[in-house]
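Where a number appears in this text, it was derived from the coordinates with a stated rule and is not lab data. Please read all numbers here as calculations on a predicted model, not as lab measurements. Methodologically, a virtual Cβ is constructed for each residue, glycine included, from the backbone with ideal geometry; neighbour enumeration extends over all protein chains shown.
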Amino acid sequence: MRQSLFLFVLLFSVAISATETDSITLNSGSNISGWIVRLTPHSALVMTDRQTQSVRMAQVRELHFDLKSQPRCAVVLGSKTEAIEFTAYKDGQLEGKTPGGEKWSAALKDISYADFYPAAQLSHTLAVTHEKQKPDYCGEACVVMASAYLGKAVTQDQVNAAGGLDGKRGVYSNELEKAIRDLKLKSAPIAAAYPDRDADDALLDRWRLIQALDRGHPVLLGIWADYENKSANFNFDHFVLLTGFDLTKQSMIIDNPGGQKSWIRTFEQFDQHRRTKTNLVYQIEFPAIEK
């Protein structure tokens, strides 16, 4: 379902919720707290409460990763691209485990970059039941899938009616949010939009989404179904449900109500599906099943 530019609302927030975070101590003695998202031999990219900050490694005295509060996996580009379960950073040395459980290490000076994701495992897919959409009902079908995962059964027609449409057409984002509220499906927040201007923003987008999935939260996304044919009049034209990731393949796993249950998109493809005219990406995160 196409999303009008005029209906697109920006709600800034950052997934910094734990009381403990990573920290960087500078040569000056000052500290920067947040999540370390990327390291290169020359810089560190840190996600703080309100913004991201790039710090030159020449300014850094010490790096501390709080792996107790937030386990991490990493995608590292050295002589080849590798995915690891990250375990420590000591004296300029990255340490971890390979997918096969073997010990792994590399000097920061010898790699191009390491991207750190908030996940306890290298791959994870939620047990969501696929729902094939009725014509023009991609948003409705995504809510059906998410609500079934939450343990509450609704139909596509009920979602459409809760959005105030009664079958006239499929829901747009504002109507989708109304339906979620009226059906009393919890989501935090109801909807959010984040900047997507460059490669750093795309990395942070994946970071937030992988954090949600690692917590057991499916995420409804607004995307371009065919990113090579984007309209200038809309921000996106399709709703899908994000249900998994695989860092070993650098991919995101989408349940597409208009297609297949496990639609695997590489990071590069995923970024293209997400990119919009306004440089904002749209999503609705759903909580895990309450026991």
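Figures for the structure shown
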{"read-out": "In segment 219-258, the chymotrypsin sites (Phe, Trp or Tyr not before Pro) that fall in loop regions by DSSP, at most 12 other Cβ within 10 Å", "value": "none"}
{"read-out": "The chain - mean residue ellipticity at 222 nm from DSSP helices (-39,500 (n - 2.57) per run, n ≥ 4, rounded to 500)", "value": "-5500 deg cm²/dmol"}
{"read-out": "Calculated diffusion of segment 198-291, Stokes-Einstein form, Kirkwood radius summed over Cα pairs, 4 °C and 1.567 mPa s, µm²/s", "value": "96"}
{"read-out": "Under 18 Å from residue 230, Cα to Cα: lysines that are on another chain or at least 8 residues apart", "value": "277"}
{"read-out": "Equivalent ellipsoid, the chain (semi-axes from 5 times Cα gyration tensor eigenvalues, Å)", "value": "36, 19, 17"}
